[in-house]
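For reference, the structure discussed in these notes is given below.
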Amino acid sequence: MVQKAMEKALNDQINAELYSAYLYLSMAAYLESRNLKGFANWMRVQVMEEQAHAKKFYDFLTARNGRVILSEIKAPPTGWESPLAAFEQVLEHEQLVTGRINDLVNLSVELGDHATNSFLKWFVDEQVEEEATADGIIQSLKLNENNPGGLFLIDKDLAQRTFVPPAGVTL
Ligand code: FEO
């Protein structure tokens, strides 16, 4: 049985994951409008990843006899100065999410909630990957800032990304 303070924190995290999905869907729409289909594909896969994260929290909370309560998702920004600016916001956002996951881990320690602590380890590792991936794309974009051919090649590369659901998550 999950404690009330943790139930509330996990529900807040479901909202944060769904906001991440909404933010990245908005970025996908912006990138489509710039005719950068590969970049947009990367974002669309990222949307599915965030929805899977939300489902992972949902399933865990339900399994622990907690009650999932969905709340309003705030509107995301709708435009960016450049693809680079969008990806810089991805990294900034992922750093914020990492901070949220760390706060959840701290709360689980405070409450002596070992089950949630163990569950959160997957997210701690996932955030390392999320930040590194965004940073990698930012570095490629910076290297090719004045090279439209380079942008085209990155777009082609990002078009290859496909969604692989995390183990045990059904969307
Ligand atoms: Fe759900 Fe991108 O972290």
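The values are calculated or read from the model by the stated rules, or taken from the named source; none is laboratory data. Treat the numbers as computed from the prediction; the structure is a model and nothing was measured. Cβ: placed from backbone, ideal geometry, glycine included. Neighbour counts: every protein chain shown. Note: accessible area is taken over every heavy atom of the protein model, side chains too, but ligands, DNA and RNA are not part of it. Shrake-Rupley method; radii C 1.70, N 1.55, O 1.52, S 1.80 Å.
Numbers below:
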| item | result |
| --- | --- |
| Total residues in the stretch 110-121, condition loosely packed, with under 12 Cβ neighbours inside 10 Å and assigned to a helix (DSSP H, G or I) | 4 |
| Where residue 103 falls short, out of the listed (1) acidic (Asp, Glu); (2) closer than 23 Å to residue 140 by Cβ; (3) surrounded by fewer than 19 Cβ atoms within 10 Å (Cβ to Cβ) | (2) |
| The stretch 131-167, residues that are within 13 Å of residue 40 (Cα to Cα), β-branched (Val, Ile, Thr) and open to solvent by 90 Å² or more (accessible area, probe 1.4 Å) | 162 |
| Any hit, the stretch 85-99, residues being away from the ligand (no atom under 15 Å from the Cβ), open to solvent by less than 70 Å² (accessible area, probe 1.4 Å), within 25 Å of residue 165 (Cβ to Cβ) and in a helix (DSSP H, G or I) | no |
| Count of the stretch 21-35 residues which are open to solvent by 70 Å² or more (accessible area, probe 1.4 Å), away from the ligand (no atom under 16 Å from the Cβ) and in a helix (DSSP H, G or I) | 1 |
| Residue check for residue 136: more than 17 Å from the chain's Cα centre (by Cα) and either under 21 Å from residue 21 (Cβ atoms) or not in a loop (DSSP other than H, G, I, E, B) (or both) | no |
| Criterion (in contact with a helix residue (DSSP H, G or I) (Cβ under 6 Å, 6 or more places away or on another chain), at pLDDT 95 or above and hydroxyl-bearing (Ser, Thr, Tyr)) met by exactly one of 24, 19, 30 | 24 |
| Meets criteria (open to solvent by less than 40 Å² (accessible area, probe 1.4 Å), assigned to a helix (DSSP H, G or I) and within 16 Å of the ligand (Cβ to nearest atom)) for residue 126 | yes |
| Among the candidates 69, 14, 73, residue that is under 17 Å from residue 122 (Cβ atoms) and in contact (Cβ under 8 Å) with a residue 12 or more places away in the chain | 14 |
| Test for residue 75: is it among the small types (Gly, Ala, Ser), at pLDDT 95 or above, in a loop (DSSP other than H, G, I, E, B) and farther than 30 Å from residue 150 by Cβ | yes |
| Which numbered condition residue 109 fails, given (1) within 21 Å of the chain's Cα centre (by Cα); (2) β-branched (Val, Ile, Thr); (3) modelled with pLDDT of 95 or more | (1) |
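This table checks each residue for (1) within 29 Å of residue 111 (Cα to Cα); (2) open to solvent by less than 20 Å² (accessible area, probe 1.4 Å); (3) free of Cβ contacts under 8 Å to residues at least 40 places away in the same chain.
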{"residue": "5", "(1), (2), (3)": "yes, no, no"}
{"residue": "37", "(1), (2), (3)": "no, no, no"}
{"residue": "45", "(1), (2), (3)": "no, yes, no"}
{"residue": "61", "(1), (2), (3)": "yes, yes, no"}
